Amino acid sequence: MAPILQHLVEMTGHRDQLRLELSVLQTLLQLGTDMRVRALEFFFADAEVMVRPRSWSEDGEVITSHCDAASDPARQTLDELPELARCIEQKATSAVRADAPMHTLWLPVWVNDKAHACLEITQRKAFSRQQRDVILGVFRVYQNYQNLLDYSERDALTGLHNRKTFEEQFARYAAPTGDPARAKDAPPQQWLAILDIDHFKRVNDEYGHLYGDEVLILVANLLRNSFRAQDRIFRFGGEEFVVLLRSHTEAAAHEAFERFRARVKQTMFPQIGGISVSIGYCAAQQGAPVEVLGRADQALYYAKENGRNQVHCYDELMRQGLLKAQIAHSEVELF
Ligand code: GH3
Ligand code: MG
Ligand code: MG
């Protein structure tokens, strides 16, 4: 089989966005000599669009960054790459820069009118027509496949990540970030929260399933607008959502979840009026995903048992001895 076909077969065999990205870079590397490729990630920081390399080629190998986007020393503003900035603004499919002796080709990855990432190819000679055609062909296969993968990872109603993707993202997200030897400050801690809409069954019973669905979509939008781009939000099923949040302190994590709770409480939902959410969260560093989820769930259960519309931290409840008391109580009831 021709090497390029072999690479395409390998590329479309992946079920994970990051491996797919590494694989497309590896494929592109076959299309020229003396070529360098990078996958750039776009993100917001300090009200500016930033760019940073997420993975790149080095001596023919493709490697990926272990840095958090927001604290990546290799980050720069999009304005520092004016050709690319113009391309994004015009929603164009590609941009080039001939900065002798180097030639650069950028291919933004568009998803629903938004560019989240961009492939960058740099080489010493100008891109020939034929070379560009092949590169664009590979890129289109990549983009189609990526869209398909993205679709399978999202919940159809809210567009949030679904439960299927949680474990994989948890492993990547909860792992320590950056090189601790190089980091000036300690990396932020990870927190996991489970959010559950209070008395949601009543919404369905009183107004019907379609109105219930509308509430779920609006709550998902509130979630997207309330947390930062580097936080991860999932719809876990029904009216339950999970947030993976980065924060240096428990107090700051609490504040973020509390702000969200208050925001839901203040929101008027069409026809239905007000609703509320209960939130349980815990530190996410220790244990398998199921153990961490179990701890957050205990804190959520405590919130539900104590009047709903509140935020509780598992670690704090343990410090206060409140969860032990509750478990002992339920054991008495059980037996
Ligand atoms: P609590 O405060 O204890 O959480 O009460 P609740 O009524 O929210 O809890 P319960 O788990 O009993 O009810 C959840 C309801 O969510 C039941 C189910 O019909 C509804 N539900 C689950 N998925 C969907 C969905 O996709 N759309 C709609 N409209 N309703 C859903
Ligand atoms: Mg529930
Ligand atoms: Mg509920």
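The values are calculated or read from the model by the stated rules, or taken from the named source; none is laboratory data. Worth saying up front: this structure is predicted, and the values here are computed from it rather than measured. Because the Cβ atoms are built from the backbone with ideal geometry, glycine has one as well, and the counts that use them run over all protein chains shown. Only protein heavy atoms, including side chains, enter the accessible area calculation; ligands, DNA and RNA are left aside. Shrake-Rupley method; radii C 1.70, N 1.55, O 1.52, S 1.80 Å.
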Cβ-Cβ under 7 Å, sequence separation 6+ or interchain: first residue in region 284-311 and closer than 23 Å to His248 by Cα, partner among the acidic types (Asp, Glu). Which pairs? Pro289/Glu167; Leu300/Asp196; Val311/Glu258
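Condition check ((1) assigned to a strand (DSSP E or B); (2) without any contact (Cβ under 8 Å) to a residue 60 or more places away in the chain; (3) open to solvent by 30 Å² or more (accessible area, probe 1.4 Å)) across all residues:
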position	(1), (2), (3)
Leu5	no, yes, yes
Gly13	no, yes, yes
Leu25	no, no, no
Leu31	no, no, yes
Arg38	yes, no, yes
Phe44	yes, no, yes
Arg52	yes, yes, no
Trp56	yes, yes, yes
Pro73	no, yes, yes
Give the residues of region 274-314 that are assigned to a strand (DSSP E or B) and within 14 Å of ligand 2 (Cβ to nearest atom), sorted by residue number. Val277, Ser278, Ile279, Gly280
Of the residues in region 190-217 that are free of Cβ contacts under 8 Å to residues at least 40 places away in the same chain and touching a helix residue (DSSP H, G or I) at 6+ places or on another chain (Cβ under 6 Å), the one that is nearest to Glu240 (Cα to Cα) is Gly212
Just to be sure I understand, how many residues within region 215-260 are surrounded by fewer than 20 Cβ atoms within 10 Å (Cβ to Cβ) and either among the hydroxyl-bearing types (Ser, Thr, Tyr) or touching a Pro at 6+ places or on another chain (Cβ under 7 Å) (or both)? 4
When region 86-96 is examined, which residues are found to be within 23 Å of Val24 (Cα to Cα) and in a helix (DSSP H, G or I)? Cys87, Ile88
All but one of (1) exposed (fewer than 13 other Cβ atoms within 10 Å of the Cβ); (2) in contact (Cβ under 8 Å) with a residue 24 or more places away in the chain; (3) within 16 Å of ligand 3 (Cβ to nearest atom) hold for Pro270; which doesn't? (3)
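Among the residues of region 111-153, what is the count of those that are of a type outside the set (S, T, N, Q) and open to solvent by 50 Å² or more (accessible area, probe 1.4 Å)? Before the answer, list the steps.
Here is the first cut: in region 111-153, the residues of a type outside the set (S, T, N, Q) are 111, 113-121, 124-127, 129, 132-142, 145, 148-151, 153.
Keeping just the survivors that are open to solvent by 50 Å² or more (accessible area, probe 1.4 Å) gives 113-114, 116, 124-126, 129, 132-134, 140-141, 148, 151.
Residues flagged as of a type outside the set (S, T, N, Q) and open to solvent by 50 Å² or more (accessible area, probe 1.4 Å) within region 111-153 amount to 14.
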Of everything in region 195-224, what is more than 28 Å from the chain's Cα centre (by Cα) and within 16 Å of ligand 2 (Cβ to nearest atom)? Give them in sequence order. His199, Lys201, Arg202, Val203, Asn204, Asp205, His209
Can we say Arg235 is at pLDDT below 95, charged (D, E, K, R) and part of a strand (DSSP E or B)? no
Is there any pair with a first residue in region 232-256 that is more than 19 Å from Gln286 (Cα to Cα) and a second that is open to solvent by 50 Å² or more (accessible area, probe 1.4 Å) and within 16 Å of ligand 2 (Cβ to nearest atom) whose Cβ atoms are under 6 Å apart and which are 6 or more apart or on different chains, and what are they? Phe236/Arg163
Hey, Ala92 hits all of (1) among the aliphatic types (A, V, I, L, M); (2) crowded, with 18+ Cβ neighbours inside 10 Å; (3) more than 20 Å from Ser23 (Cβ to Cβ) but one; which does it fall short on? (2)
